[in-house]
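The values are calculated or read from the model by the stated rules, or taken from the named source; none is laboratory data. Note that the coordinates shown come from a computational prediction; the quantities given were computed from them, not determined experimentally. Don't worry about glycine lacking a Cβ; one is built from the backbone with ideal geometry, like all the others, and counts go over all protein chains shown. Just the protein is used for accessible areas: all its heavy atoms, side chains included, with ligands, DNA and RNA removed. Shrake-Rupley method; radii C 1.70, N 1.55, O 1.52, S 1.80 Å.
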Amino acid sequence: MAPVMHAPGRECLPTVSCIVPSFNEAESLRELLPRLSDVLRMQASAWEILVVDDGSRDDSAAVLRQLAALPRLSGLKVLQLSRNFGKEAALSAGLVQARGDVVMMMDADLQHDPALIPQFLDAWRHGADMVYAVRTSRQDEPGFKRWGSRLFYGLLNRGARFEVPADAGDFRLMDRRVVDALLALPERNRFMKGLYAWVGFNTLALPYQPAARAHGQSKFRPLRLAQLALDGLTAFTNWPLRAVSACGMLLALPALLYGAYLTAMYLLYGHKVSGWTTIVVSLMLFCGLQLVSLGIVGEYVGRIFEEVKGRPLYLVKDQWGHGLSATVGSSQVQPAVAAQGH
């Protein structure tokens, strides 16, 4: 039997940081964190679980303080944000605090199974810098969500220099080099799925099927998903602006030709220009297109406004627990988002 070949420098057990963003997931955290610690204890030389409480309004803080006092969860560290800043900001807060050679990210709702972590680590040992879980099926989701997902990824990847994998979420493993690259990115409108793809490195997809949510309901309502999709499109594509320009040209050229035709008919034959209704409808059409175009441009200008203001990406109200020592797996790149957590 041939020996198993590992990538250079990855033969030993790594130190692992596991980031778990949480919003009103107290009941799920009671079940998840003990299971997660048991897996990490077997797979890592040292480990930490970074729970980022994103402004929860349930008893998550009390539950996390109880769990942090357990010897079984000695590696638990909790960041409590001052309000709900959103999942992207919570993930960024966890990345700033993570000290491990390897960083895992997973949701708190028990849909991401900790039992898959050994497979992630095995792929990392064989040379993958980023391993991300990809859903094998979306049949358990509503039809509008499946259709919206296909439409979003089709638009996002149209003409892009890199591809954002469809059906891939935040359940993933990243090598320290990938984490350092993400922290070096300065933007505040952080669409994480796009940033994962933008930094590149050696990536590997791991098929999985998420379990059913154990407690409560998803916090991502249709309006919130639409807003997230708009953030992703404006952060990584400029084709909507080009589409507006192309649409304007396609509409202006026939209008100019039709105007020239009517002028010629009047000069040659003296025909009166008729069709008041047609003129009014055309004006309403063009006005509507102008407002839509202005709205698209406004979305990009709004993103620029958010970046220029330079407000912190998040604010930490409180933190407790130990995690890994700050000297373990320390970053060699100055994180551009590190100052935003203060």
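Observations
- Length gained when the stretch residue 282-residue 297 is fully extended (0.36 nm per residue, less Cα-Cα span): 3.1 nm
- Applying 1/(1 + (r/R0)^6) with r as the Cβ-Cβ distance of residue 177 and residue 13 and R0 = 25 angstrom yields a FRET efficiency of 0.85.
- Local charge for residue 69 was computed over the other residues whose Cβ lies under 15 Å away, with Lys and Arg +1 and Asp and Glu -1, and equals +4.
- Using a probe of 1.4 angstrom and keeping all protein chains present, the accessible surface of the range 162-207 works out to 37 square angstrom per residue.
- Computed over protein heavy atoms with a 1.4 Å probe, the carbon and sulfur contribution to the accessible area of the range 18-71 reaches 54%.
- Burial ranking of peptide ranges 120-130, 176-186 (average Cβ count within 10 Å, highest at the top): 120-130, 176-186
- Here's how it looks for residue 15: its modeled amide H is under 5 Å from those of 45, 46, 101, 102, which are all 5 or more places away or on a different chain.
- In terms of the mean number of neighbouring beta-carbon atoms within 10 Å, the peptides 56-63, 90-97 order highest first as 90-97, 56-63.
- Sites residue 62 and residue 187 - FRET efficiency at Förster radius 30 Å, r taken between beta-carbons, to 0.05: 0.30
- If the segment from residue 137 to residue 83 were pulled out straight at 0.36 nm per residue, it would be longer than the present Cα-Cα gap by 16.0 nm.
- Difference of contour (0.36 nm per residue) and Cα-Cα distance, residue 260 to residue 115: 45.1 nm
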